[in-house]
Structure formats: C-alpha cells, structure tokens
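The numbers here are math on the coordinates, done by the rules we state, and not lab data. What you see is a predicted model, and the numbers here were worked out from it, not measured in a lab. Because the Cβ atoms are built from the backbone with ideal geometry, glycine has one as well, and the counts that use them run over all protein chains shown.
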Protein chains: 2
Amino acid sequence: MILRDTLDFLLYDWLDASALTARPRFAEHSRDTFDAVLDTCERIAREKYAPFNRLVDTEEPRAEPAADGSLRVVLPRATHEARAAYAESGMLAAAQDYEHGGMQLPYLVEAAANAFFSKASVSIGSSLLTVGNANLLMAHGTPLQQRVFAANEFNGRWAGTMCLSEPQAGSSLSDVATRAVLEDGSDPLGARYRLKGNKMWISSGEHEMTENIVHLVLAKIPGPDGKLAPGVKGISLFIVPKFLVDVAGPHPDPLPQAGEGGDGSAPLRVTLGPRNDVALAGLNHKLGWRGTINTLLNFGEGKFPVDGQAGAVGYLVGQPGDGLRCMFHMMNEARIAVGMAAVTLGLAGYEASLDYARTRTQGRPLRSSASAAGAAGKDASQPPVRLIEHADIRRMLLAQKATCEGALALLLYCARLVDEQHTGTPEAADEARLLLEVLTPIAKSWPSENALEANSLAIQIHGGYGYTRDFPVEQYWRDNRLNMIHEGTHGIQAIDLLGRKVRIEGGRGLTLLAARMQATIEKAQAHEGMHHDAAALAAALERIGQVTHAAWAGGDASEALANAVPYMQAFGHVVIAWIWLELALAAIATKSEAARAGLVGAKTYFYHYELPKIGAWLRVVENRDTTCAALPEEAF
Amino acid sequence: MILRDTLDFLLYDWLDASALTARPRFAEHSRDTFDAVLDTCERIAREKYAPFNRLVDTEEPRAEPAADGSLRVVLPRATHEARAAYAESGMLAAAQDYEHGGMQLPYLVEAAANAFFSKASVSIGSSLLTVGNANLLMAHGTPLQQRVFAANEFNGRWAGTMCLSEPQAGSSLSDVATRAVLEDGSDPLGARYRLKGNKMWISSGEHEMTENIVHLVLAKIPGPDGKLAPGVKGISLFIVPKFLVDVAGPHPDPLPQAGEGGDGSAPLRVTLGPRNDVALAGLNHKLGWRGTINTLLNFGEGKFPVDGQAGAVGYLVGQPGDGLRCMFHMMNEARIAVGMAAVTLGLAGYEASLDYARTRTQGRPLRSSASAAGAAGKDASQPPVRLIEHADIRRMLLAQKATCEGALALLLYCARLVDEQHTGTPEAADEARLLLEVLTPIAKSWPSENALEANSLAIQIHGGYGYTRDFPVEQYWRDNRLNMIHEGTHGIQAIDLLGRKVRIEGGRGLTLLAARMQATIEKAQAHEGMHHDAAALAAALERIGQVTHAAWAGGDASEALANAVPYMQAFGHVVIAWIWLELALAAIATKSEAARAGLVGAKTYFYHYELPKIGAWLRVVENRDTTCAALPEEAF
C-alpha cells in the first residue's frame, strides 16, 4: 500500500479518527477536514521536499564568516522554500486553539500528516523541534512568554531549538555544566539570567531561515557557594533568543489582554533588539540527516556582549530547578516523532524497493523439481523474470511491509492515546497516560532498530545499484541510523522500560496494556484463521509477565537491567504482534481485497518469522545472565 | 585482544600453522618466517593504509578527460603509495613458487597477513583482484599467457580485474551479452577475438597506478547463426589488456623455456603496444568503499580502434564455453576474501569502540538496590564512570568480540582447508574440498551480515559522536554494507548452500562437517564448564539435519528454497557456535589469563545470546512456509 492508503486504513478503518469529532475540541472537524490536511501535506511534501532529498544530502549546510565576525550558516535554497511552504500550511500551529490561529487538529491527524514530510525528506522536515519548543512554552511559560515567543514560532516567523546535551555529557543530563546567574528577577519576560556554557548536537542552532531563533536551554543555577549542585535537580530551563526582543514599548503589560488574544498566546508587536551572546562554534558532519543543521553553540563566551558584558541573556521558564520536568513534558511526543521518522524512512525504502522489484528483471525462476543431480536448477531458455517473482525478494519485501506498517500503526495508536490523554474522560485520560508511559520507549526504539533493518533489505533488493548514490535507498539507511541514538539512546529507552515504566504505580501500566492485548486475543480467537496467532500472542504475553517478574526477582537493579535491551527487543516484538492482530481484524472490514490480503499476509509473516524470536531475547533476561557485565575489562 | 594477538592465537594455538612447515611445499618456512610476513604486513598497513582510510573516503576517485579524448582516473597520492608498498612487500606473489619470485606461503598465512590491510583500509586494500586474476591464469592460461600476463601481475607492474557483471545482468551471468568474435585462431597469446559489450561494477577498471591493466572478461562466442546461446554454457573467458602487448620480437616462442623461468610463469620481455579498445564509461559512486575505483567499462565501442577497427582484442583462456568454470575456480578464495573484508571491518569497529568505551566517561552506575518507588536509581553525587562500566556497553562490546573473533576463526579455518586441498594427502584434500563447498557460503555470508551488525554496535557505543564523520566507525559500517552484495548476494549464497552444497555427493559435505562438530562436542563434554554448551551444539546440529531434510521432503525446489536465507542464517550460527567451542577448548592452553577469560566469555556469550536464535529461523524452513512467496503481487 502507498502511504496515503495505509494512513486512511489506520485512521478510519482501525482507529476511528472520525469519532474524535464528537468531542468539543474537535467538533468543527470532520473526515473531510482531516482529509484536506492530509491532502495539503502530501502535496507540499511531494513538491517541496521529496525532489530535494538527495540535494540536501549532497549540499550540506556550511558555516562561513559573517560580516560581524561570527559564523553564519548557508543552506540550499530548497531548504528555505520547503520550510516556508511548511510554515504557510499552518502545520506549525496544527494543534493550537483556533483563537491563536491554530487548527485544533487532533494529534493523531497531525502526526499522520507529518509522516508525509519525514518520508519525503527526513532531514529537511525538521520543523518539529519548533513546534515542540512552542508547545513547551504553552505548557510552562508565562502568558507573555507565550505571546512573545511561542506565538511567533507557531506563525512561522521564528524557529525554536532544544539545547540539552553538552560536549562532555551526551545522555547524562546530570552533568550539565552550563551556568545561569541571576541578573534581574523582575524582567517582564521572566527572571533574567546570564548563561555561560557549550551545547552540543543542537539541531537548527543557527540559520537565517527565520528572523529569530528561540533556544530553550537547560542550565544550572549555582548555589550560594557558587557551585553547581550534582545531579539533575539543580537544572533549570531558560529561553535564550538569538536576538533580544523589545515588546511593544518600554513597559509592556505582562498580563494577557482579554479580548485581543484570549489567554495570552496571540502575538504581541515585538521588535528585535541586538544580538544575544550565543555564537555558532561549529557544525557537526554526520553520516546522515545531512540536510539538517546540527550545531555546537557557545553561550556567553563574549562574542556578542549584551550591555557590554559577556553572558547570554536567558529568561527562566517555570521554577528554578524545574528544568527537566518542563523539558520532559513533551518527551512522549518527541519520542513518537523519532519513531515516526524511523518508520517513514522505512516506508520510503519499502516503496522504492517494491517499485524496483516490480520493474527490474533479473535471473530465472527455479525449476520446481530438483534435477537428478540433486541441485536446484534454473531454466536459462526462459525469459528473465522480474525481481518480485523470486521468493527471497518477496520475503524481503514482506519483512519491510510487516515492520513498517506495523510500526506506523503503533505510532498512530500512541498518537491517539495522546489525544485521549488531552480530551478523554478523566479515567480514559489517566489510562492513556499510563499506557503511553509503557509504550513510548517501544514506539521510539522498535522502529529505530527494525525500520533500519528494513532499509537494509531495501538496499539488498536493489543489489549493487542499491549500494550506489544513484538510488535513494542508501540514504534512507544512513539517515535512519540516527534514530537509535537521539532523544535517548536504545540503552536508555531499555532502562526506562524495564527499570521504570513496567514497574511504576505497582505495574499498572503493564496491566493495562496486557488487558488491551487480552481483548484483542479474545476477538481473534473467534476467527478461524487467527486463533493460532491469538494463542501465540497469549503465550508471548504470559512470557513477558514471567520474565519481567524474573528480572526483578533478585531485587538488584544492576542485575535486572543488565539485559534491558534484549528485554525491550522482545517486548517490542510482542507489542507489534498485538498490533498486527488488531490490524488483521480491522482488515476484514476493508473494501480492497488486495489491501486485505496484504495486511493478513504481513500479520502472518510477523507471527511466523518474527514473534518466535522473543524466546532467545527473553532467555537471558529471565536468567539474569551476567556474562557481559561480569567479564573483566582486560578480557575484551 | 588486538588483531595480532588474535591471529597468533588462531594460527598457532588453534590451527597449528607450524605443522604446515612439515610439508615439502612449505619446508623452508618456520614460525619465524610466518611471523616476519605478519610483521611486515602489519607495519605497511599501519604506515601506508590506516592513516589514509578517511582521506580515500573523502577524496573519491574522479574521472577527468585525458589528452586522447578518453577518461582517466585521478586518485589521491596515498592510494598510489599504498599500492606500491604492497607490491614491494611481495605479497602479490605470496603463494607462488620460489622459482617465479613467490614466497610459497601457505594460504592460511597469506590470508592472515592480508587481514591487516583490509582492517586498516578496506577500500585501498583491493589488490586481491590482481592476485585472483593472476592465479586464475596460472590455473587455466597457456604458459605464454602466464609469462606475459600473470607474471607481470605478480611482480606488481600490471594490475588485474575481473569483468563479469553487465548493467542489465547483475547476478545473472546467463544474461551476459558481451560478444566475442574470432579474428585469428593462431595468435601465440591465444586465439584472438574481438569483444563488444559493457561491463559494470568493475573494480580498478581504469587507473594509472600500473603500466597496464589485465582485464579478464566473460563474453559469449556467437553460434554459426550469429546468435548468442542462452544460459551460461556459451560463456568464455578472455584476457583483454588495456594496452596491447608485444612479446620479445615478432614471433615469440609460446613454449616455456627450460631453465629460464621453469614452467612458464617467469616474465618475458614485453613491450606495450597501442591502447586496446576498452574505454572507461563512468565511475560508480557508492555508499562506501569510496577509495576503490569502481567502473563501467565499454569494450569495443570504437573509442580506440585496433588496426582501424572497433572491437577490443581479447585472447581466449581455456576452451570456448569454459569461461565460468575457469572464473569460478577461484571462487572459494574470492568469497573467503569478502568474508575477511567484513570481519576485519568488524574488528576495526570493535577496536575503536573498545578504546572509546575505556576512556570516555558518561553517566553513573546504577544503584544495585532499587529505590522504594520501584525505579532504578543513579547516584549523581558519584563521579561519572567510563562507558565500559555500563552493563549494556559491555554487552555491545562482547557481541562484537564474539561475532568478529568467531568469524575470523572460521575464515582462517577455511583458509587452512584451502592449504589442505592443495598440499594434503588425497583423502585429506578431497575432504577439505567438500568441507569448503559447504563452509564457503557461510564464510562469505555470516560475517557480511553479522560483522555489519557489529559495526552498528560500535556506532551505538560512541553515541552521537559515532554518527559523525569525526570518528571512524560510521565509515566501517558503510563500507561493510557492500559485503552482503558483491561476490554473490546473500540470497545467492543461501540458494547455493541449501540448494546445492548440503546436497552434493549425497550430502557428504554436510556429513563431514557434522563429524567434525561431533568431535568437538566430544572433547567439550569432558570439560566441566563446557558440557552444557556441548549439549546445546549437539542439539543444534541435530536440528540442522532435521530441517535440511524437512526442507527437501516435498521434493519441490521453489518450496524448499523459499526460506533459504533463514536457513543460512541458522546454519551460520551453528557453525560459529562450533567454532567458539573449538576456540574455548584451545584457550585452555593459552598463557594469558585475560585472553583466556575473553575467549571463554565470548563463547559463553554466543551460546547464551546467539545460538538460541536458530529456533525462529529454522521453524519457517522446516514448515516450508510460503507466506512470502504466495502473497499476491498486488497485495504488497
């Protein structure tokens, strides 16, 4: 199925997106308005993103000296145009209230629509950080911060970043060394600090696509002794704009104006002031995602002194010490977005290799009966067949389909839970929250590992041509390799899952998930063709329960978590098996016979080829195998 | 272990390379002479290859117009110098007789020594095609062909290529469309033909590193009706030199001269004539192996007419129609070389990530007891620990070690079989031949799939830094992706294994392999710490036998082979499990306690984490699962 057909099936035949329009927040929507959004995004992605995916890979962003002695970033024109078209579509504010210029779109539809962009060009389509940044301010910023910063991000005039990592502390936020010292507690934009430190891996940290850039920066406020507290507790969050801002006169009213702008997020008249003390130190050159600007930023080194002083001006968001809580507020969505990037890259490779397999001829079919010599023969007098007529090519195609469509379904299921969390009944919202806690590590990790493997199969189907830069599949594979690393590595997701998510609130998240799976199993048992699969899923689910218990039976975290990654791999396979049973049940209602056969085929593939793999992964978790952890360092 | 220590263990503690010196061919060798070769190769690789691995990736070969209107290839100076150092080392003629300037080195030692080059820079270290080309001529060429062409390849003055694939026929040699028409059956260099056609994926197809290039070209001789016969039977093999050659006067004696050059491979005085009608049509730009020149060559298009006529001059090697047999004579060694490239890339990544894990600090250790809240905690007041102190990092390191050292051992085991085939007793030689038939598809496929995964783990250990081009691991991963494609794709290896190799001679190859495994199992049963593993290997071996039988029980090749790849994956895991049991037994005798712990740890890792995976793969083979093959095309 092409992506649009798959989305239609998932949204309407499976997740009943239309039902959301019964809720007050989405009451003005209908399937028609949802479809219009999908149409628009599909078109912009086709016209402004896809044709330039190779170009942005080849013409990487480059830093060159600017007139003021700093470094500026030069980008291909295509990147500017794609960003402009995206902003113009209104998708930056898709989820916002009507009164703030938003669309009040369900997150489910927003996520589905954004899939077109990441499939067309994952490294151009990086506007999601701006949305995440502005969403965070809508949740934790003051009304004035919202009207000055978030509103100008939603309308596309400004862009946003997330500045967490530092060169010496990648995944380890407790080692953040950026310092923030109070300068003026009464600034209307928020308590004003001066920041000094270096931030690494900052996407879109410097560019000229927008008038301003809103950096959200994690930094520590030193204690009375001038020292930074160890751990994550001392971390606070700051808005650090590239250009300082002047808000409508010298003493703007920080309170929302009733009538003009409702609760405070309509943009105020803002003029840009001098450059803040944030300087591009360099660009990172990566294996993939080469169209994305990835920067090392120096805050407060004195390159652009403000009022004659070194130190980047930053405005506190939320309370001191509350930085991580604010930042992680948007973590589920950010991780779903990574999973979505992985899965759309997988789908792009699937589509390319399916197309290739349907058109390229290569070799002959096997004779079905082996020759007397015992060797399998081919009949050279026959004309060559298309690649798709070879069994192993079909295996590699179906593996991609089962991986990518299954993962896409999981991601949209999670997106639907986000909507439930925001607009459902209190019980439904609470259940959705807990399910998201458990499912998010899978939604992020499973596609990033398995859709990467799907991309490798797409290369394999192309043979030698797939290994050249004349075909798109090698780029998909390179791009996809990032997804196991950013937004929390595989190892961190696994520790989050087994160390926390399946255990919080007495394991209630896992219990809720098991109940949903059980409901699917019961539905499937009623179907002739699915009761074997239902039994397999029931057995797998039981194993997950046993092994989760066994992992923690010793009460020792380092022992339990030594095999957290194999646990997560198995858990992910069980979740995707459940999703496939769901999809096969939903497929019964679809009109297209080919689509139904494809969905049922992919489900069968997953149950026959993939689900049995959990045995090997779970074995070491259950045994709390310490072969790796116990090996002396000098023995490696 | 570093590579040299691993090689020492494998060659001397395990494979008893010294015993080869008891054979007449190797009688003048000793461990000292073997070590001297290893020393030299290690040094050249360190000085001339490793420092330039990133440079040759960045400064790809480029084609530019030459004075004569053709395209010439420009390479970095480092590539010229590396090639010169390699030629000077004598390694091109390592296996040749003393009287032809060779070293009469066992293939085992040659393969081990070449590992240094592919580990240092796989895409510079591509001299193996020249050796393969010349070896083929030593087996199938006339004495004069050997003295003119092979001898000048062994001494490094000329280089060689293998021209099999064509743009329309990648893996499908039966579709070769290059035509060869007889011009003069009495040329002393061999029956002279004129060739016309296009050859794709030709490594080192054009360059100026050597005075001449000897292309070995597969082409079809048309029948009396002017048509090319279908299938592979009509394929013949031709020597097509880039520059035509004049051999010592107008009528050289084609027979070997007794005394001066023995049996015909000592070089004659040869002068280079005019350019032959072979033209570079373009360079392929790949995901990896960017230091290697990969070309599309046009033969006989008239760019360089010979005697006023279009058509590349080629000299027949062997008999008409015998081309494939000649070409595949060297196939086992060529495939072992691909496996070696894969495994050395894996080892390079392992070494880099081990080094990184030992020095980079990141995060805190887990508290061993979980907190009351049920979440696993970290103590931020502790200083950060080195990456290698995290259990998941150790898991990823040990996975790489188990994969790469195990695969290296298999490859050297195969190399040792090549020596046995050439210098063993008739029975031993025959047994070695059959074992190689069965093991070669594994020696090629298993490292190319699994060492690629090891490279991915090396990236993962580096976190975000591993994804940048500032660290070497992303290049290893890109380079390694080729190995599942060239020299017979994964799919082709799998069909070769299950369709032919386990069945030829009534399955005697498989029986021989099983007997060797059984011998290892019996040795291991005697050891306290290994009898569990011995039992696991015995059970796995039995499963392989059952499933092989079940796959063919229906007698239908297309059904049996539909899951040939999962079969090969499982078969490979069983072979590597066997190798690890062998290595753990050999480790008992080693002097280094750390090395012993490492080998036993890697063995244990493989038995606990990897071998259990065969269940899922074998299931679909045993069931002759047709989920993929049977899915209607429109359902994808």
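Structure notes:
- Relative packing of peptides A:14-27, A:492-505 - highest average C-beta neighbours within 10 Å first: A:492-505, A:14-27
- A dipole drawn for chain A from +1 and -1 charges on Cβ atoms has a positive end, and of A:THR590, A:THR142, A:ALA352 the residue lying farthest that way is A:ALA352.
- With the alpha-carbon atoms of segment B:436-539 aligned to their principal axes, the span from lowest to highest coordinate is 50, 38, 17 Å, starting with the largest.
- Antiparallel content of DSSP bridges confined to the protein assembly as shown, in %, to 5: 85 percent
- Whole-percent P(r), segment A:515-629, all Cα pairs, 10 Å bins from 0: 14, 40, 26, 14, 5, 0.
- Set the Cα radius of gyration of chain A against 2.2 N^0.38 Å, with N its number of residues, and you get 1.01.
- One compactness figure for segment B:309-362 is 2.19, namely its Cα radius of gyration divided by 2.2 N^0.38 Å.
- Peptide A:603-616 shows a mean partner chain C-beta count of 4 within 10 Å per residue C-beta.
- Equivalent ellipsoid semi-axes, segment B:286-406, via Cα gyration tensor eigenvalues times 5, rooted, Å: 58, 18, 11
- For A:ARG46, the distances from its label point to the matching points in the remaining copies are 6.0 nm, ordered from shortest, with each point set 7 Å beyond Cα toward Cβ.
- Counting Cα-Cα pairs of segment B:529-580 in 5 Å increments starting at 0 gives whole-percent bin shares of 5, 19, 25, 20, 13, 9, 5, 2, 0.
- Subtracting the Cα-Cα distance of B:ASP379 and B:GLU64 from 0.36 nm times their residue separation leaves 107.4 nm of extension gain.
- Paramagnetic reach from B:GLU528 in segment B:584-603 [backbone N under 17 Å; point 7 Å along Cα→Cβ]: B:585, B:588-589, B:597, B:600-601
- Debye intensity ratio in log₁₀ form over the Cα atoms of segment A:1-125, taken at each q of 0.09, 0.13, 0.20 Å⁻¹: -0.33, -0.61, -1.08
- Per-residue mean of foreign Cβ neighbours for A:619-631 is 5 (Cβ atoms of other chains, 10 Å radius).
- With a Förster radius of 25 Å applied to the beta-carbon distance between B:HIS80 and B:ALA177, the computed FRET efficiency rounds to 0.10.
- Each Cα pair under 8 Å and six or more residues apart adds its separation to the average, and for chain B the resulting relative contact order is 12 percent.
- Placing +1 on the Cβ of every Lys and Arg and -1 on the Cβ of every Asp and Glu, with nothing else charged, gives chain B a dipole about its Cα centre of roughly 1240 debye.
- Mean Cβ neighbour count within 10 Å, used as a protection proxy, ranking B:156-169, B:405-418 highest first: B:405-418, B:156-169
- Sorting A:355-362, B:108-115, A:560-567, B:205-212 by average packing, meaning the other beta carbons within 10 Å per residue, from highest down gives A:560-567, B:108-115, B:205-212, A:355-362.
- FRET efficiency, 1/(1 + (r/R0)^6) with R0 56 Å, evaluated for B:MET331 and B:THR359 via beta carbons: 0.85
- The mean number of partner chain beta-carbon atoms within 10 angstrom of a residue's beta-carbon across peptide A:488-495 is 4.
- Amide hydrogen proximity for A:VAL317: with H placed 1.01 Å from N in the peptide plane, the residues at 5 or more positions away or on another chain lying under 5 Å are A:LEU237, A:PHE238, A:ILE239.
- Principal axis dimensions, segment B:159-322 - Cα atoms, whole angstrom, descending: 48, 43, 32
- Coordinate range of the alpha-carbon atoms in the protein assembly as shown per principal axis, descending: 106, 66, 64 Å.
- Nearest-20 debye value, segment A:1-125 charge dipole, Cβ charges on Lys, Arg, Asp, Glu: 260 debye
- For the protein assembly as shown, size of Cβ-based charge dipole, Lys and Arg +1, Asp and Glu -1, in debye: 20 debye
- Think of segment A:490-624 as having a plus end and a minus end, set by charges on the Cβ of Lys, Arg, Asp and Glu; of A:LEU541, A:GLN518, A:GLY499, A:GLY499 sits farthest toward the positive end of this dipole.
- For A:ALA22, label point 7 Å along C-beta direction: distances to other copies, nm: 8.5
- Using the Cβ-Cβ distance between A:ARG543 and B:GLN546 with R0 set to 22 Å, the FRET efficiency from 1/(1 + (r/R0)^6) comes to roughly 0.35.
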